[in-house]
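What follows is a single structure, written as structure tokens, with notes after it.
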Amino acid sequence: MTDFTLDGKLDEWNTGSPLELNDISQVVRDAVLWKGVDDLSAVFYVGWDEEYFYLAAEITEDTPFGAIEMLPLDGEDNIEVFLSTNPADDPARTEYATNDFMFYLIMDGEYWDTAVDRSMVPKDNRMRFISQGMDGGENVFEGYECAAQQTTTGFTYECRIPWACFSNNKIEVYTPQTGDTLNFDVLVTDIDYPCPGTEYIPQIAWTGTANILTNPSEWGRITLAE
Ligand SMILES: [Ca+2]
Ligand SMILES: [Ca+2]
Ligand SMILES: [Ca+2]
């Protein structure tokens, strides 16, 4: 990304390779309560430069920004991102490697909390990078910036996260290169009535089944273009 403007509008994004989440087959939780594309669907775009990972979304849903802190993270309006920062890892791996990160971008509309769940990473692979922010109410990514714009059908959203957020003194910062291919997936959680006790909270994902939470082989693949 060379001309990124943090305003929640996606004019500067290359929309040539959209990731589309709009089919019943992509609803990985509580599909029985999914009422169609107006209820919950999304288009995502991924961008990158040496310093940042970028993500943009056009989310269609009728109850946007339904995050409240009393609910578990996976029951609030959010975007879940599944990202590898090691193109050398075997794409068919069925358990998390050190550089496999699953994180939450909470869609509250006011508090843009983030969290990283490392509980799926086998202990030997964690390299002391453990879960952060899983109780909610925190931003765990230093340098995370985001903006959103409400639309008549939902909202648009864009963000960037420094690659350095996926490193520590045992995990090197990823330096992305044109042509790198990474395991990646993205999921949207939509709570319709943000009150405790809501029974069904559909989730829609780009690829895979509910197993994407634990199995990176079900994630999709993205290739970093020029
Ligand atoms: Ca923008
Ligand atoms: Ca909805
Ligand atoms: Ca919602």
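Restricting attention to the range 128-157, which GluC sites (Glu not before Pro) occupy a DSSP loop and are surrounded by at most 13 other Cβ atoms within 10 Å?
Numbers: sites: Glu138, Glu142, Glu145; in loops: Glu138, Glu142.
Here the sparse-neighbourhood loop sites are Glu142.
Subtracting the Cα-Cα distance from 0.36 nm times the residue separation, let me have the gained length for Ala31 to Glu138 in nm, one decimal.
Numbers: separation 107, 0.36 × 107 = 38.52 nm, distance 2.97 nm.
Answer, rounded to one decimal: 35.6 nm.
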Rounded, prolate or oblate: which fits the chain when a ≥ b ≥ c are the square roots of the eigenvalues of the alpha-carbon gyration tensor, with rounded for a/c under 1.5 and prolate only if a/b beats b/c?
rounded
What are the lysines whose alpha-carbon lies under 18 Å from the alpha-carbon of Lys123, with same-chain residues fewer than 8 places away excluded?
Lys170
Out of the range 1-69, which GluC sites (Glu not before Pro) are coil in DSSP terms and have no more than 16 other C-beta atoms within 10 Å?
Glu12, Glu50, Glu51, Glu69
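Express the relative contact order of the chain as a whole percentage, based on alpha carbon pairs under 8 Å and six or more residues apart in sequence. Show your work: numbers first, answer last.
Values: 544 pairs, mean separation 62.2, N = 226.
Relative CO of the chain lands at 28 percent.
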Using r as the Cβ-Cβ distance of Asp23 and Lys170, and R0 as 45 Å, what FRET efficiency do you calculate, to the nearest 0.05?
0.65
Of the residues Val46, Val32, Val188, which exhibits the maximal mean-square fluctuation in a Gaussian network model of the chain defined by a 10 Å Cα contact cut-off?
Val32
Alpha carbon centre of the range 132-190 versus the range 52-77: separation in Å?
13 Å
Here the residues of the range 3-36 lying in the modelled label zone of Thr153, meaning backbone nitrogen under 19 Å from a point 7 Å along Cα-to-Cβ, are 8-27, 34-36
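Taking loop as defined by DSSP and a crowding limit of 11 other beta carbons within 10 Å, which trypsin sites (Lys or Arg not before Pro) in the range 1-105 fit?
When the trypsin sites (Lys or Arg not before Pro) of the range 1-105 are filtered for loop state and at most 11 Cβ neighbours within 10 Å, Lys35 remain.
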Spatially proximal aspartates and glutamates relative to Lys35 (Cα-Cα < 12 Å; intrachain offsets below 8 disregarded)
Asp23, Glu61, Asp62, Asp190, Asp192
With labels modelled as points extended 7 Å from the Cα through the Cβ direction, what inter-label distance (nm, one decimal) is found for Leu224 paired with Asn86?
1.6 nm
What are the residues whose amide H is under 5 Å from the amide H of Thr151, where those residues sit 5 or more places off or on another chain and H is modelled from the backbone?
Thr156
Running a GNM on the chain with Cα contacts under 10 Å, which residue among Pro176, Pro91, Pro122 ends up with the highest mean-square fluctuation?
Pro122
Pull out a ≥ b ≥ c, the square roots of the eigenvalues of the alpha-carbon gyration tensor of the range 117-160, then state rounded if a/c is under 1.5, prolate if not and a/b is larger than b/c, and oblate in the remaining case.
prolate
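Bear in mind these aren't lab numbers, they're just calculated from the coordinates by the rules spelled out. Only a predicted model underlies this, so the values are computations on that prediction, with no experimental measurement involved. For neighbour counting, all protein chains shown are included, and Cβ atoms are generated from backbone atoms with ideal geometry for every residue, glycine included.
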